[in-house]
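Before any comments, here is the structure.
The values are calculated or read from the model by the stated rules, or taken from the named source; none is laboratory data. Just so it is clear, the structure is predicted and the values come from calculations on it, not from any experiment. Every residue, glycine among them, receives a Cβ derived from its backbone with ideal geometry; neighbour counts consider all protein chains shown. These area figures cover heavy atoms from the full protein model, side chains too; ligands, DNA and RNA do not enter into them. Shrake-Rupley method; radii C 1.70, N 1.55, O 1.52, S 1.80 Å.
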Amino acid sequence: MMEERNQFQDNEYKGPAENKRRDFFKKSLLAGAGLAISPFAFSNNAEVVSGKENKQTGAGSKEKRKLGSLKVSAQGLGGLPVVGFYTGGPRDQKKVNKLYREAYDHGVTFFDTAEVYGPHINEKQVGEAIAPFRKEVVLATKFGFDVDPDTGERGGIDSNPKTIRRAVEGMLKRLKTDYIDLLYQHRVDPNVPIEDVAGTVQDLMKEGKVLHWGLSEPGLNTVRRAHAVEPLAAIQNEYSPWTRNPEAEVLPLCEELGIGFVPWCPLGYGFFADAINENSRFSEGDFRAILPRITPENIPHNLEMLYYIEEWGLRKNATPSQITLAWLQAQKPWIVPIPGTSNSVHLRENIRANDISFSTEEIKEFNSGLSEIEIAGAQNAQPVLDGMGVEAPPKK
């Protein structure tokens, strides 16, 4: 869902943080024991921890992972940045085409968008960009809001069956396709039983318009009820080093039911890409301006977690974003992060996270260290939090 950093780095102060970033790369080079090892060069060889080999967990650049029965690349690409969610407006379609086709050439076959990204704009961007290889990739999009099909004006949450069908018909046209590989309910509708939602999606599956489905930020009981009607392929929730709440109940539930997990905002709105620092300020209308964890008073405190990840980067000759994405992939073999970007350099950097491995002992050590760091500020803006963990009403 919401991710990225290219806008951060293009438009913001590049003083101390930029110097720190350059210093980090220098240290990464020195970490190669005198060899000219690039911070983008990795090894998949087994490491020795505590005197014995430990199982390595790494995605691999061409590895496929499973969301339920759906096979996808180990890392996906989120579409929100190219619609200009933060700054800069929608990106030029030619540049979007180039970015997505480069992603495909580098093994990315999982592309995520949504009806409300724009609204409608991002689906059109993605549809055109992936058209040359549409049959070779997995395309995910989301319904769940009342969006006017003509004007694109967005209303409130709405998952009534008629609204779902109207949304899907529009999606198919905008995405230039006759089927959607993975269709999510973007947010649970507190006024519509999930059985009605699942039944509508099930009918769309029978018609061949949808192949798999999922939920984003649902309540736990809603997951069970939905899965009982039509098995879910994926749950898409916010998950990153400073938002680890899915680990308590959501991930165990996914494992129990055989559902894949897709972290949105895996790089913390660019924070774990080293794109936000204590000097960062956001203009009026920029969504980041209302995020509690990156306010001027909270950024200095929260940088402790970024520095911790950078230390791991020195150990593994990797950038903070690569360490973060590789860590997420190492949690479970059915976790597939979807970082977004509109910058080709950052795209390639993120993809190379697939080549970083963590041993069992390293994961334990990493997680333990994260747990000791206190985070200042709420997980997200209140309007976003209000839509998380909602339970659908009972079926009467």
Point to revise | Dipole in debye (nearest 20) - the range 53-172, about Cα centre, beta carbon charges: Lys, Arg +1; Asp, Glu -1 | key: 480
Check your understanding: Semi-axes of the range 220-306's equivalent ellipsoid from the Cα gyration tensor, sqrt of 5 times each eigenvalue, largest first, rounded to whole Å?
Key -> 33, 13, 10
Check your understanding: Along the range 166-172, what does the Karplus equation 6.51 cos²θ - 1.76 cosθ + 1.60 (θ = phi - 60°) give for ³J(HN,Hα), rounded to whole Hz, x for Gly and Pro?
Key -> 4, 4, 5, 4, x, 4, 4
Revision key, fill the gap. Among 64/396; 142/364; 162/332; 94/173; 124/364; 124/162, the pairs whose Cα-Cα distance exceeds 31 Å are 64/396; 142/364; 162/332; 124/364
Study note, to complete from the structure: Once phi for every residue in the range 177-187 is put through the Karplus expression 6.51 cos²θ - 1.76 cosθ + 1.60 (θ = phi - 60°), the whole-Hz ³J(HN,Hα) values, with Gly and Pro written as x, are 9, 10, 7, 10, 5, 9, 10, 9, 7, 5, 8
Practice item. Take peptides 336-346, 320-330 and line them up by average Cβ neighbours within 10 Å, highest first, as a rough protection proxy. Key: 320-330, 336-346
Review point. Carbon and sulfur: what percent of the range 271-315's accessible surface (1.4 Å probe)?
Key: 50
Practice item. Run a plain Debye calculation on the range 70-215 (Cα atoms as equal point scatterers, no solvent) and give log10 I(q)/I(0) at q = 0.13, 0.18 Å⁻¹, rounded to two decimals, same order as the q list. Key: -0.54, -1.02
Point to revise | Amide H contacts under 5 Å for residue 180, placed H, 5+ residues apart | key: 210, 211
Review point. Which ³J(HN,Hα) values, rounded to whole Hz and listed in residue order, are derived for the range 75-89 from phi using the Karplus coefficients 6.51, -1.76 and 1.60 in 6.51 cos²θ - 1.76 cosθ + 1.60 with θ = phi - 60°, glycine and proline given as x?
Key: 9, x, 10, x, x, 4, x, 6, 8, x, 4, 8, 8, x, x
Check your understanding: Long-range amide H contacts for residue 67: which residues qualify at under 5 Å (H placed 1.01 Å from N, peptide plane, sequence gap of 5 or more or a different chain)?
Key -> 72
Check your understanding: Once amide H atoms are built 1.01 Å from N in the peptide plane, which residues 5 or more positions from residue 240, or in another chain, come under 5 Å H to H?
Key -> none
